[in-house]
Amino acid sequence: MEFLEKISKAIEELKGEEAETLVKEAIEKGIDPFKVLNGVTAGARAVGDKFQRSEYFLLELFEGAEITEKCLGLVTPHLPREATTKRVKVVLGSVAGDLHDIGKNLVALLLRSGGFEVYDLGVDVPCKRFIEEAEKVNASIIAISALMYSTRLAQKETIKLLEDLGLRSKYKVMIGGGATTKPFAESVGADGWAENAVEAVNVAKQLVGTEG
Amino acid sequence: MVSIKDFQERALTGPLTDKRAFDKKLMLKVRELAKDYGITFNPREVIPDDSMADAVFKAGFDLLMDVGIYHIDTERVIMYNEKEVKDTMRTRPREITLGEGRDKVTFKSRQVVPGDKSVPIIAGGSPHLATEDVYIPLMQSFAQEPTNNGLCPGVVTSAYGIENRARTPGEIICAMAEARWMKEAARRAGKPGIYIDEPMSATSPAAYISAFSQPGGYKKETTQMSTHLYGEMKIPWERVVLATYALQNGIVPWTCCPAVIGAYCRNAEEATIVNVASTLAQLEYNRGSLVALYTVNVRGGNYVYPRDNYMEYATFNRTMRNIPVPVQDLFLAGAGPCTEMVVYELVAQTIAYTASGGAAFLEIHGGGVDDFKRGRLGVGTGMEARIAGETAHAVASMSLTRSDANELVNMVIKRYEDDLIKDKYPTGKTFTECYDLKTLTPSKEYLDIYAEAKRELTDIGIKYE
């Protein structure tokens with residue numbers, strides 16, 4: 001098996017120590033850091049694919065994300081600065097008043113395994129906070145979750161706030177959560193809506209025209 | 001049992017824990033317990049034998065002892081000890097009466113012993129979105145059903161021109177309007193004192209309390225207060241605040257366990273273990289006397305794998321012989337009203353939950369997929385409560401053995417399972433499309449569909465009156 005395939009396989013199989021050792025060895029042997037990065041992201045994607053096939057669950061996504069982040073931490077210093085800013089950044093959270101986070105957590109983990117750089121603001125996030133964070137990290141996507149009917153209007157208000165601040169064109173906004181539907185997303189001017197966590201990754205990729 | 005003072009103290013001084021670390025520990029432990037106790041459900045036996053249910057109960061107890069619950073605001077873990085939890089289990093009442101006057105109903109822990117012909121309480125309702133113009137007639141269509149002796153509100157989307165927006169005056173107005181409109185629907189149906197489960201339009205404590213604190217609003221005699229945990233095993237102050245308000249004012253707390261299948265829990269087995277742990281945890285701080293069960297399946301809404309959902313409910317009902325607190329099973333059909341499938345979905349579930357010991361069936365309605373995926377308003381009709389109610393009476397009168405009940409459930413599921421697995425839910429019709437709004441009677445089409453299905457169900461052995 002190719003060295004880089006081994007890295008990918010170790011991440012896919014959630015063998016954290018092995019994956020880290022392989023990444024360190026690859027760097028020491030002078031393998032192109034971009035290729036190492038590809039090995040790491042392929043492993044992360046494989047973890048997400050296994051979730052989609054019901055072979056992995058949330059626990060495995062947690063572990064896969066942790067291993068991937070550690071491996072990325074090892075390889076990133078060896079990449080040119082401009083390369084490290086290439087990952088698409090997503091700012092995500094559950095809206096103000098909403099403390100539900102299982103679905104939002106799933107989306108965050110699957111986006112990470114899909115190659116996105118995710119800034120998870122947690123639950124009960126005020127509209128302005130989404131925008132402040134997106135501005136701070138130079139995000140491309142703002143992803144907003146709402147599980148309750150009475151909290152979903154905060155998604156609309158976040159989009160309105162972006163418009164009022166003259167920042168709407170700067171970001172793609174996607175919404176989701178149990179209280180949302182496609183017609184609702186269209187009515188509030190969201191750029192994308194996902195019915196579930198797996199679909200959210202596809203929507204994010206479509207929005208930025210990338211593989212993440 | 002833990003006092004509110006002790007609970008608050010533990011929430012402020014318990015071990016400071018990273019949420020992700022708590023989640024990981026919970027997920028690992030539930031897997032370990034499922035393995036150690038040999039917990040595996042058999043899809044052909046939706047209602048398990050009692051030894052399996054007891055193993056699930058023990059696993060749930062161990063889970064709570066090991067992981068505790070997580071306080072979202074303080075980021076600390078609240079732990080209980082064995083004595084506290086066992087004392088609570090021992091002292092919980094086996095029955096409780098809610099409602100007023102001739103509309104009073106008594107929730108009893110049903111143990112489903114041979115000869116027990118008690119009928120679960122039927123509380124239909126469409127808990128999702130309903131607009132102001134149809135709200136009262138929609139709820140009246142449930143309340144007026146003869147077998148319906150409870151009622152469940154729908155979320156009020158707006159009232160008097162104000163949208164229901166969390167933490168705004170609109171939320172308060174809508175929560176208060178809901179209570180008055182529900183009472184009006186009950187009055188029009190001739191059941192003014194009917195049990196109404198919990199406020200649905202409120203999000204914040206202020207709105208929940210407002211729904212009770214008004215003339216013509218909800219009353220402690222008829223309605224419960226939401227005090228339940230968030231998934232999985234997490235609580236914010238606002239729920240403790242509501243539990244305290246309920247305790248101080250004699251309102252029966254709403255205890256609810258919606259463990260999600262496909263996320264922290266891999267399957268129905270693990271979700272049921274978490275539901276037991278969650279129940280025990282809630283009874284400690286809210287001193288509840290009823291526990292509601294609601295299934296969510298993250299892999300495609302609530303209905304994609306019916307057997308997972310059905311097994312979770314039936315097993316949970318059986319586990320409660322260990323406390324025993326009456327169980328309120330919240331269930332619905334994925335298919336829309338006025339379809340064959342909505343009848344069969346509701347009948348299969350009614351058989352399983354009646355035969356496994358459910359004390360009450362709440363929020364019964366069709367059109368679940370429309371609720372969640374298509375965002376149609378006003379889905380669900382009183383006919384669905386009729387279907388579940390008449391079936392519950394029939395099944396209870398038959399005093400089915402467990403194996404007979406399982407066989408019947410399998411025969412009914414067979415009629416729609418292929419479509420369900422393929423995600424082919426018929427949309428059906430909305431309330432305004434299949435009810436005459438002047439007479440509040442179902443359409444001939446819907447009545448004919450139900451009559452034909454009943455003939456077939458009678459042929460396979462269900463003895464309708």
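Quick look at the numbers
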| read-out | value |
| --- | --- |
| Filtered residue count, the stretch B:248-262, keeping only those that are open to solvent by less than 20 Å² (accessible area, probe 1.4 Å) and either over 19 Å from A:G103 (Cα atoms) or among the acidic types (D, E) (or both) | 5 |
| Condition met for B:V56 (open to solvent by less than 40 Å² (accessible area, probe 1.4 Å), of a type in the set (V, I, T) and at pLDDT 95 or above) | yes |
| The stretch A:60-87 - residue that is open to solvent by 20 Å² or more (accessible area, probe 1.4 Å) and under 23 Å from A:K172 (Cβ atoms) and, of those, farthest from the chain's Cα centre (by Cα) | A:E82 |
| Failed item, numbered, when B:A263 is tested on (1) in contact with a Lys or Arg (Cβ under 8 Å, 6 or more places away or on another chain); (2) within 14 Å of chain A (Cβ to nearest Cβ); (3) among the aliphatic types (A, V, I, L, M) | (1) |
| Unmet requirement for B:A175, which otherwise passes all of (1) open to solvent by 10 Å² or more (accessible area, probe 1.4 Å); (2) within 14 Å of chain A (Cβ to nearest Cβ); (3) farther than 20 Å from B:F361 by Cα | (1) |
| Residues of the stretch B:229-255 satisfying the condition of being touching a residue at least 60 places away in the same chain (Cβ under 8 Å), more than 12 Å from every other protein chain (Cβ to nearest Cβ) and closer than 22 Å to A:D124 by Cα | B:V240, B:A243 |
| Helices (runs of 4 or more DSSP H) lying entirely in the stretch B:378-448 (those with 3 or more residues that are modelled with pLDDT of 95 or more and out of contact with any helix residue (DSSP H, G or I) (no Cβ under 6 Å at 6 or more places or on another chain)) | B:382-398, B:402-413 |
| Evaluation of B:V113 against (1) in a loop (DSSP other than H, G, I, E, B); (2) out of contact with any Lys or Arg (no Cβ under 8 Å at 6 or more places or on another chain); (3) touching a residue at least 24 places away in the same chain (Cβ under 8 Å) (one fails), failing number | (3) |
| Among the candidates B:E100, B:E132, B:E145, residue that is open to solvent by 30 Å² or more (accessible area, probe 1.4 Å), acidic (D, E) and at pLDDT 95 or above | B:E100 |
| Complete set of residues in the stretch B:193-213 that are more than 14 Å from chain A (Cβ to nearest Cβ) and open to solvent by 30 Å² or more (accessible area, probe 1.4 Å) | B:I209, B:S213 |
| Of residues in the stretch A:45-59 being open to solvent by 60 Å² or more (accessible area, probe 1.4 Å) and in a helix (DSSP H, G or I), the one farthest from the other protein chains (Cβ to nearest Cβ) | A:R45 |
| Residue check, B:K5 within 14 Å of chain A (Cβ to nearest Cβ), open to solvent by 30 Å² or more (accessible area, probe 1.4 Å) and not in a loop (DSSP other than H, G, I, E, B) | no |
| Members of the stretch A:101-114 that are open to solvent by 10 Å² or more (accessible area, probe 1.4 Å), closer than 24 Å to A:V36 by Cβ and not hydroxyl-bearing (S, T, Y) | A:R112 |
| Residue check for A:D98: open to solvent by 10 Å² or more (accessible area, probe 1.4 Å), within 14 Å of chain B (Cβ to nearest Cβ) and of a type in the set (D, E) | no |
| Options B:L290, B:L332, B:L346; residue that is under 24 Å from B:H393 (Cβ atoms) and either open to solvent by 10 Å² or more (accessible area, probe 1.4 Å) or charged (D, E, K, R) (or both) | B:L332 |
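The values are calculated or read from the model by the stated rules, or taken from the named source; none is laboratory data. Everything numeric here is computed off the predicted structure, so don't read it as measured data. Reconstructed Cβ throughout: ideal geometry from the backbone, glycine too, with neighbour counts over all protein chains shown. Areas reflect the complete protein model, heavy atoms only, side chains present, ligands, DNA and RNA absent. Shrake-Rupley method; radii C 1.70, N 1.55, O 1.52, S 1.80 Å.
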